[in-house]
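Peer 1: Structure below; questions to follow.
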Amino acid sequence: MNKKAFSILMRARMRPNANDRTNLSLSPLPLTNVVNQTQHQNSEGNQSGPNVSGNSEREFKQVRASMHSAITLNKTEVLDDVLNNFSEGYFSLSRENRRNLLLVLAREYDLDRSQVRELIKQCLGLELPSDKAQVSGPEEDSLFSSFYRIERNLRHALKPVYEDLFDRLNTHPGGLRFLSILRADILSILAEENIASLRALDSYLKEKLSTWLSPAALELHQITWDDPASLLEKIVAYEAVHPISNLLDLKRRLGTGRRCFGYLHPAIPGEPLIFIEVALLKDVAQSIQEVLWDSPPIPESEATCALFYSISSTQPGLAGINLGKFLIKRVITLVKREMSHISTFATLSPIPGFMQWLLSKLASQTLLAEADMSQQLADGSSSTFYENILKPEEEEALMGLPKDTVDGTNGMEVMFNLLTSKSYKWIHSPEFLSVLKDPLMRLCARYLLQEKKRGKALDSVANFHLQNGAMVERINWLADRSEKGLSQSGGIMVNYVYSLEHIEEYAHSYFTNGEIHASPVLHHYVETHEKSPSLLGQSITGRYRQKNGTNALISKI
């Protein structure tokens, strides 16, 4: 590989900015390599607005007509050209016209509900024999032939017309990539508008992609420094957890003591759909700096732990399709087979939703505290919904900080003001760190183990690993001091452990009843807080527990 050319390529692609990431779903990736450059130029031309050349109403109608032909045409000898014309035309459209075209697809090529209703009425109008067990042979054919016919017709009627377009694109060269981009555009629109027909289209396409991207169709590939520059460029561009800072950083992550594995699909050659980075260590790392080292790694023969420290998808259009679950399990199997001395499989994971949850909790409870005091003065009662989330000693320590450095009328307000400081001044003060550590660690444990959404972990990364069969092992103080780490989780990171003998058991119990398996240390964090009364007295805490039930607040661990 020409390293000079590769280095130039890397500098051009290193660290895409936030705006570039946001617009990835609308990037004009073509069906074939032949039109790559032309369509990229078309996309950049679209940035000036929906009325630029190439996005006229006439061209929209042409693309709409080519889409109709791609769905309805039965002449296989010209179908490839029609599909190419449709995809190329789609990439020439502005964002607004893509939205309009997708709405046409969702609404005008949906299933025929009048036909479905009529078939259901016909089915309900038939009478089943009283004793089905006694019916067989020719008599069965006579009695059930009407049912079989109506049910067959109903199954056909329940398939939307746009299924034909999806199926044809899937078997067309480059079509699977195009469908992924199409879904990314749909998701981008749905993030801004709740359109029922478009949600139905997205749900159907997601099911199709999940089937076509089954583990049996995917190739596990170990990504190394010797891979083509075009593939390594994707690793740099799509690394979503810990950005790759330079060429040396990339080489380290692919070198001794490290592994990188990706899932490839033959329909999208040279581009991993998802990839995972692994560090071979003596022990489970407690900070990201232990992984993104500056010194030489340990000999691989001395490693006992395979640590997954980053997993990233390269296809926004595959969101919600859990390829990571199968990737982790296959990597564990491969590493265990090749390195029998590896006995621990764990992660060092971010907690992306913790700070957002905590700041929201602090703000709302501070407001409730003010309202509660006013209510107590007025009529002597207290708010049922108020909860002092700090322990007495934590409240005292926060209120004991020098008044000239912090501001707040109670501990929660002081904590909120410290954590929302744009300069992160608390991270540079030993005094602030010592006061914040205990409540932040305890509340982080609560967030991971107790806070739920529809019965599952509120944190997205936690939900991902728990549904894959991991357990929550340990939370690590100041494990990620980067701006992203501080803003997302106050610098705290978490270790999930995949215990080979319990993966299926833990995944099943989490899926069926939301049970979260955790280490005794994490369990202790939660239990000690539940036994600790609020500073405002047992009366409020007691009433809160009586109304809501203590067990409802504690995760099964």
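The values are calculated or read from the model by the stated rules, or taken from the named source; none is laboratory data. Because the structure is a prediction, the values reported are computed rather than measured. Methodologically, a virtual Cβ is constructed for each residue, glycine included, from the backbone with ideal geometry; neighbour enumeration extends over all protein chains shown. In case anyone asks, the SASA skips ligands and DNA or RNA and just uses the protein heavy atoms, side chains included. Shrake-Rupley method; radii C 1.70, N 1.55, O 1.52, S 1.80 Å.
Peer 1: Just the ratio, please: alpha-carbon radius of gyration of region 194-341 over 2.2 N^0.38 Å, N its number of residues. It would help to have the intermediate numbers written out before the result.
Peer 2: On the way: Rg = 16.8 Å, N = 148, 2.2 N^0.38 = 14.7 Å.
The value comes to 1.14.
Peer 1: Explain nothing, just the number: dipole magnitude of region 412-498 about its Cα centre with +1 on each Lys and Arg Cβ and -1 on each Asp and Glu Cβ, in debye rounded to the nearest 20. Can you show the working numbers first?
Peer 2: Details: 12 positive and 8 negative charges, 51 e Å.
Charge dipole, region 412-498, about its Cα centre: 240 debye, nearest 20.
Peer 1: Heavy atoms only, probe 1.4 Å: what % of the accessible area of region 128-281 goes to carbon and sulfur, would you let me know?
Peer 2: Working: 3480 of 6680 Å².
Carbon with sulfur: 52 percent of the solvent-accessible area.
Peer 1: For Val161, Val116, give me the order by solvent-accessible area with a 1.4 Å probe, most accessible first, ignoring ligands, DNA and RNA.
Peer 2: Numbers: Val161 60, Val116 15 Å².
In descending accessible area the options line up as Val161, Val116.
Peer 1: Pop the C-beta distance of Asp438 and Asn246 into the FRET formula with R0 = 56 Å and round what comes out to the nearest 0.05. Please report the intermediate quantities before stating the final value.
Peer 2: Working: r = 38 Å, r/R0 = 0.67.
Efficiency for this residue pair is about 0.90.
Peer 1: Using each residue's phi in region 449-458, evaluate 6.51 cos²θ - 1.76 cosθ + 1.60 at θ = phi - 60° and report the 3J(HN,Hα) Karplus result to the nearest Hz, with x for Gly and Pro.
Peer 2: 9, 10, 6, 10, 9, 6, x, 10, 3, 5
Peer 1: Another question, if that's okay. Place the peptides 314-321, 57-64 in order of packing, highest mean first, counting for every residue the other Cβ atoms within 10 Å and averaging per peptide. Present the calculation step by step, with values, prior to reporting the outcome.
Peer 2: Working: 314-321: 19.9, 57-64: 14.9.
Peptide ranking by packing, descending: 314-321, 57-64.
Peer 1: Of the peptides 203-212, 98-107, how do they stack up when ordered by the mean number of other Cβ atoms within 10 Å, highest first?
Peer 2: 98-107, 203-212
Peer 1: Rounded to a whole number, what is D in µm²/s for region 162-224 from Stokes-Einstein with the Kirkwood radius over alpha-carbon pairs (4 °C, 1.567 mPa s)? It would help to have the intermediate numbers written out before the result.
Peer 2: On the way: Rh = 12.9 Å.
This corresponds to a translational diffusion coefficient of 100 µm²/s.
Peer 1: Give the peptides 164-174, 86-96 in descending order of average Cβ contacts within 10 Å, highest first. Walk me through the numbers on the way to the answer.
Peer 2: Values: 164-174: 17.7, 86-96: 22.3.
For the peptides 164-174, 86-96, the packing ranking is 86-96, 164-174.
Peer 1: Going through the cross-link list Lys325/Lys456; Lys159/Lys206; Lys325/Lys484; Lys361/Lys452; Lys361/Lys453, which pairs have a Cα-Cα distance over 18 Å in this structure?
Peer 2: Working: Lys325/Lys456 16 Å; Lys159/Lys206 14 Å; Lys325/Lys484 25 Å; Lys361/Lys452 14 Å; Lys361/Lys453 15 Å.
Over 18 Å apart, Cα to Cα: Lys325/Lys484.
Peer 1: Give me the Kirkwood hydrodynamic radius of region 237-311 in Å, from all C-alpha pairs, to one decimal place? Don't jump to the answer; show the numbers that get you there.
Peer 2: Numbers: mean 1/r = 0.0754 Å⁻¹.
One decimal place: 13.3 Å for the Kirkwood radius.
Peer 1: Once fully extended, how much extra length lies between Glu127 and Glu393, figured as 0.36 nm per residue of separation less the alpha-carbon to alpha-carbon distance? Present the calculation step by step, with values, prior to reporting the outcome.
Peer 2: Numbers: separation 266, 0.36 × 266 = 95.76 nm, distance 7.22 nm.
That pair, Glu127 and Glu393, stretches by 88.5 nm at full extension.
Peer 1: Residues of region 423-458 with amide nitrogen under 17 Å from the 7 Å Cα-to-Cβ point of Asp407?
Peer 2: Flagged as within label range: 423-426.
Peer 1: Another question, then. I want to check the label-to-label distance for Ile120 and Leu220. Put each point 7 Å from Cα in the C-beta direction and report it in nm to one decimal.
Peer 2: 4.4 nm
Peer 1: Which whole-Hz couplings ³J(HN,Hα) result when phi for each residue of region 98-112 is put into the Karplus expression 6.51 cos²θ - 1.76 cosθ + 1.60, θ = phi - 60°, listed in order with x for Gly and Pro?
Peer 2: Ordered by residue, 3J(HN,Hα) equals 4, 4, 4, 5, 5, 5, 4, 4, 5, 8, 8, 10, 7, 6, 8 Hz.
Peer 1: Per residue of region 490-502, in order, report the coupling 6.51 cos²θ - 1.76 cosθ + 1.60 (Karplus, θ = phi - 60°) as ³J(HN,Hα) in whole Hz, putting x for Gly and Pro.
Peer 2: Per-residue couplings from phi come out as x, x, 7, 10, 10, 9, 9, 10, 9, 7, 3, 7, 10 Hz.
Peer 1: Something else about it: What's the FRET efficiency of Arg149 with Lys336 using the Cβ-Cβ distance as r and R₀ = 45 Å, to the nearest 0.05? Can you show the working numbers first?
Peer 2: Values: r = 53 Å, r/R0 = 1.18.
Approximately 0.25, to the nearest 0.05.
Peer 1: Could you tell me the calculated FRET efficiency between Asp167 and Ser423, based on Cβ-Cβ distance and R0 = 60 angstrom, to the nearest 0.05? Kindly include the intermediate steps, with their values, before the conclusion.
Peer 2: Working: r = 55 Å, r/R0 = 0.92.
Taking R0 as 60 Å, the efficiency between Asp167 and Ser423 is 0.60.
Peer 1: Measuring from the lowest to the highest alpha carbon on each principal axis, how far does region 279-324 reach, largest first, in angstroms?
Peer 2: Here the spans come out as 39, 20, 17 Å, largest first.
Peer 1: Report the gain in length on full extension from Ser487 to Glu504: 0.36 nm times residue separation, minus Cα-Cα distance, nm rounded to one decimal. Intermediate results must be reported in sequence, preceding the final value.
Peer 2: Working: separation 17, 0.36 × 17 = 6.12 nm, distance 3.38 nm.
That pair, Ser487 and Glu504, stretches by 2.7 nm at full extension.
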